[in-house]
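Some notes on the structure that comes next.
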Amino acid sequence: MSRFGAWLLAVCFFASGASYAGTACPNFFIAGKEPVLDASLTSRTTEVCHTEYVLFASGVTKGPLYSAEHLTADQVAGADSISRSGSWHQETGIPVADRSQSSDYTNSGYDRGHMTPAGDASTLTSEGETFSMANVVPQLHKLNAGEWEKIESYVRGLATQLGDVYVVTGPAFAADSVPTIGKDGVAVPAYTWKAVYEPGVGAAAFLCTNEEDYTCTVISMVDVKTMSGVDPFPSLSPSMKSNPIDLALP
C-alpha cells in the first residue's frame with residue numbers, strides 16, 4: 001500500500017462509487033497499457049480522454065491521480081507556435097460530486113498546478129483542455145513557477161531531441177493527515193512527480209516536495225509507486241523500473 005493509501009482507505013470507507021478498469025485512450029500509454037494504481041486509490045475514479053492528454057480523476061482527492069501524454073517533437077513545435085490562453089473550468093467528464101472548481105483555490109495560498117502543462121499543447125483547443133480543474137493540484141507558487149516550470153520545459157526539450165517521450169505526472173500525498181482547501185475539500189499533495197520514458201532507453205521521474213523550501217530529485221519508477229501508489233509504466237521490465245535513467249535537474 002502507498003504512503004497515502006491508509007488515509008485514503010479511511011476516507012473511502014464513507015464514500016461510494018464504482019472502481020475503474022481499462023482505458024478508452026491507449027494511444028497515450030506505452031504499449032497501450034495505462035498506469036496501475038494501488039487498490040486503495042481506485043474508489044470514485046474517472047478517466048477523461050482529451051485531445052493530447054488523458055487524466056485520471058479522483059472524487060476523493062478532487063483532483064487527478066495522474067495525467068498522461070505521449071509528447072512528440074511535432075507537438076512541441078506546435079506548442080511553440082501558439083500563445084498561452086485558456087480559462088479554468090470544471091471537468092464535465094466526471095460526476096458533479098467529484099469535481100473541484102477554480103474558487104476552491106482562491107485565497108488558499110496555492111497555485112492551480114497543471115499536471116499536463118498548457119505549454120505542451122499544440123493547438124489553442126488542446127491548450128484550453130489543459131485548464132480543466134481535474135488536471136491541477138494545489139501547488140505552492142514558488143515551486144510551480146520555479147523548478148517545476150523548468151522541469152516541464154526540460155521534458156519538452158527531450159521530446160524535441162528524441163522525437164517523442166511518454167510522460168505521466170501526478171501527486172503524492174502524506175501518509176497520515178492530508179490538508180484540504182476550498183469548500184470541495186481539494187487534497188493538498190506533499191509531493192508532485194513527473195515520470196518520463198525515453199523509448200528504447202528507460203525511465204525516471206522528477207520528484208519535488210510541495211513546500212516553500214522545496215527540493216527536487218530524480219527517482220526510479222519503483223520509488224514513484226512507493227510514494228504515490230501509481231505505477232506509471234506497467235509494461236516496463238523490473239530492471240527498468242528499478243534503475244532510473246539520467247535526467248538532468250534543470
Requested in this report: Look at GLY32 and say whether it is surrounded by fewer than 24 Cβ atoms within 10 Å (Cβ to Cβ) and within 16 Å of ASP231 (Cα to Cα).
Outcome: yes
Report task. Only residues that are modelled with pLDDT under 95 and small (Gly, Ala, Ser): list them for region 142-199, please. Result -> ALA174, ALA175, SER177
Query raised in the report: Can you tell me which residues in region 218-242 are without any contact (Cβ under 8 Å) to a residue 60 or more places away in the chain, surrounded by fewer than 18 Cβ atoms within 10 Å (Cβ to Cβ), of a type in the set (S, T, N, Q) and touching a helix residue (DSSP H, G or I) at 6+ places or on another chain (Cβ under 9 Å)?
Result: SER242
Query raised in the report: Can you name the residue in region 190-210 that is in contact with a strand residue (DSSP E or B) (Cβ under 8 Å, 6 or more places away or on another chain) and assigned to a loop (DSSP other than H, G, I, E, B) and, of all such residues, is farthest from LYS150 (Cα to Cα)?
Result: PRO199
Report task. Go through region 80-95 and give me each residue that's within 19 Å of the chain's Cα centre (by Cα) and either buried (at least 19 other Cβ atoms within 10 Å of the Cβ) or within 10 Å of THR160 (Cβ to Cβ) (or both). Result -> GLU91, ILE94
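The values are calculated or read from the model by the stated rules, or taken from the named source; none is laboratory data. What you see is a predicted model; the values in this text were computed from it and never measured. Here Cβ is always computed from backbone atoms with ideal geometry, including for glycine, and neighbour counts include all displayed protein chains.
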